[in-house]
1. For segment B:50-197, go through all pairs of different Cα atoms, get the mean of 1/r, take its inverse, and jot down that Kirkwood value in Å.
2. Hey, what do the phi angles of segment B:287-301 turn into as Karplus ³J(HN,Hα) couplings, whole Hz, using 6.51/-1.76/1.60 and θ = phi - 60°, x for Gly and Pro?
3. Using only atoms on other chains, find how many Cβ atoms lie within 10 Å of each Cβ of peptide B:46-52 and report the average.
4. Report the net charge of residues surrounding B:Arg234, where surrounding means a beta-carbon distance below 14 angstrom and charges are Lys +1, Arg +1, Asp -1, Glu -1.
5. Along each of the three principal axes of the Cα atoms of segment A:169-265, give the extent in whole Å, ordering the values from largest to smallest.
6. For B:Glu373, which sequence-distant residues (separation of 5 or more, or a different chain) have an amide H within less than 5 Å of its own amide H, given hydrogens modelled in the peptide plane?
7. How big is the equivalent ellipsoid of segment B:123-162 along its three axes, where each semi-axis is √(5λ) from the Cα gyration tensor, reported in whole Å from largest to smallest?
8. How much net charge surrounds A:Lys127 when only the other residues with a Cβ under 11 Å from the Cβ of A:Lys127 are counted, with Lys and Arg +1 and Asp and Glu -1?
2 protein chains.
Amino acid sequence: MKKTAALIIAASERDANLYYATRFIAPDPFVFLQMGGEKVLLMSDLEVDRARSQSSADRVLSTSKLAADYRKRKKERPSLIGLIEDFLKLKRIRNLRVPSDFPIAYADSLRKRGFHLTPKPDPFFEKRTVKSPAEVRALETTLRHTEAACRAACEIIARSTIRRGKLYRRGKPLTSEDIKKVIHLSLMERGCVAQHTIVASGIDGVDPHNEGSGPLKANEPIVMDIFPQSIRTRYYADLSRTVVRGKASPKLKRMFAAVWEGQEIAFRTIRHGADGSRIHEAIQRRFEQLGFKTGEMNGRMQGFFHGTGHGVGLEIHEPPRISAGKDILKAGQVVTVEPGLYYEDAGGVRLEDMVLVTRQGCRVLNRLPKILEL
Amino acid sequence: MKKTAALIIAASERDANLYYATRFIAPDPFVFLQMGGEKVLLMSDLEVDRARSQSSADRVLSTSKLAADYRKRKKERPSLIGLIEDFLKLKRIRNLRVPSDFPIAYADSLRKRGFHLTPKPDPFFEKRTVKSPAEVRALETTLRHTEAACRAACEIIARSTIRRGKLYRRGKPLTSEDIKKVIHLSLMERGCVAQHTIVASGIDGVDPHNEGSGPLKANEPIVMDIFPQSIRTRYYADLSRTVVRGKASPKLKRMFAAVWEGQEIAFRTIRHGADGSRIHEAIQRRFEQLGFKTGEMNGRMQGFFHGTGHGVGLEIHEPPRISAGKDILKAGQVVTVEPGLYYEDAGGVRLEDMVLVTRQGCRVLNRLPKILEL
């Protein structure tokens, strides 16, 4: 069998596979090679000492030393790819397994030099989708912080006063931006960073990724979707709740009950070996049965038109998906369960919890209750 | 001339080129095509309506509608690449210009279908390195927030009490973590998010990217490097200051003066048309003249072993660089000027400001003073 190395060239700050493989954070691209279990990093002068003390690599080589050695032998200045070629030639490796998002410019340059590159479909590291007990604990910790932030937001909404259909706090209109700030400060206090937090009320909430803005209204649903990353562990959590300050309309109450029932369908059927698409379709069918249609109406998508869930870990969206794609779930995976219903005449409803897939079923990691009317 | 389209497939949340081209944030990958000035997006059901209202694209197409149309004609379910092929065939486009980090798996699939892909070296959008007045204002605003956070940190350090060589606040040891929290909360209050903030004292500060941890010591340098992103505008700032609570050693004072002088060399020589490598080398030479050698000593890099500066914009590190590479500066670029000196026997010193390159020279965007001893 021909020798193959795994190769990643990326900034681990933005590449979860590279962080997973090295447990080392750097803002600029560096080279990761794995050959027969040995992990080797090629690092710049700026990062070489830190990589030696902080990374999980077996060997950390200095690109400036490799380049100096190369110049002595070949009388020319090497490119980064030249250094990689030089290093791999010594090891007699011509076959490289790379992630599906490996950069085309590096790929073209390596292929021109005679290397055989095989992009591996995601997940690049199979093990990354299956969480260790320590990883599950890290995810749960981030989730606890997220629930605390959501609770803080709910308390402020619950305590707001209603005047002419709008929410007020300390005499001023209470806005999406106010609630997002409460959530972000609460998370930062707990060592977590959130961006693009959704606090969307009324028509804003009918678009599942609209972040929401402006004054919050009474008697209309407020969709909150919070997905921070722990600064220390780098593991995410993902949580959605929908609340109404005041009275929910009868349709909204039915939507809330349906979405909750959709979650329960997933909780009952998620287990090791289950096909995500079956779970997703069962929820779609149940919504149809309850009279909640999906499709384009009045020129916009309405109903339930996103996936049921996705893996959460070092990335906020990672394999597996619980959606039309036929991903088979494995014990140890942590996935969201987040059905939703969105109608122009009632607003949006989304409820999202995280579950750990087990041999027999799943364990819901959330503790925060689901309360519609505050 | 053959028709060429620009193609990006990425999540704009993590891809600054795609955000720059669309001004639209999405957490999952989508397709961007630009042909003869027209910008077209292919979006999932989840994002299609939001993209229509929020993005700067000329046309937003629904992948599910395109797929339904495809299935009718060809009796099979298309992949994302199949949809792109179908769309480009109609336009008679076979040539695609892609970013250098375009994913290899998509590239291989497109090439197999007969497309000619040319990765364009960075910057993919030349204009992105040259900031408009509105972009400069956004960068300055983030910088003002960063300076406010740094000032808050300095105040706490200045007010700390010294006992047996360590800093104390309210009777407890003052730590790197405490100062980072102050900085992060101050930034969050101002709508900015920072990660990997550096507050590194003593030996930690000798490694330029060590984030620092544990109790802060008196009479030793504390390197602070703060680089947040504005949540609203997405433009970054990058700021470093070095302070001592108590008395700086004579060597440290000389290092501080040398690094400041290094900055002044850059401020005097940065202008439209200047070669970044010349500026970087002039600073290296001056440090040598002043007796500050660079290289491996005691098995670790010491002296000045990182670049002098880098562009700042929608990414914290973007072209151009002021370093060994021969980047030619252009009016309108915003770059950092951040020489540093690092020695085991004295600690680290780094001072970093941001400047706007102009026709005649440069304008320093910072207002925060540089004070060594607090």
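The values are calculated or read from the model by the stated rules, or taken from the named source; none is laboratory data. This is a predicted model, so every value here is computed, not measured. In this analysis, Cβ positions are derived from the backbone assuming ideal geometry, glycine residues included, and neighbour counts consider all displayed protein chains. Ligands, DNA and RNA are excluded from the accessible area calculation, which covers all protein heavy atoms including side chains. Shrake-Rupley method; radii C 1.70, N 1.55, O 1.52, S 1.80 Å.
1. On the way: mean 1/r = 0.0477 Å⁻¹.
Roughly 21.0 Å, rounded to one decimal.
2. 4, 4, 4, 7, x, 9, 7, 10, x, 7, 9, 6, x, 9, 5
3. Values: counts 7, 5, 5, 11, 5, 1, 2.
Average neighbour count from other chains, rounded to a whole number: 5.
4. Values: positive: B:Arg14, B:Arg23, B:Arg128, B:Lys131, B:Arg137, B:Arg232; negative: A:Glu211, B:Glu13, B:Asp15, B:Glu135, B:Glu315, B:Glu318.
Net charge in that neighbourhood comes out at 0.
5. 44, 43, 20
6. The answer is B:Val244.
7. Numbers: eigenvalues 250, 22, 4 Å².
Largest first, segment B:123-162 gives 35, 11, 4 Å.
8. Numbers: positive: A:Arg128, A:Lys131, A:Lys330; negative: A:Glu126, A:Glu135.
Local charge sum for A:Lys127: +1.
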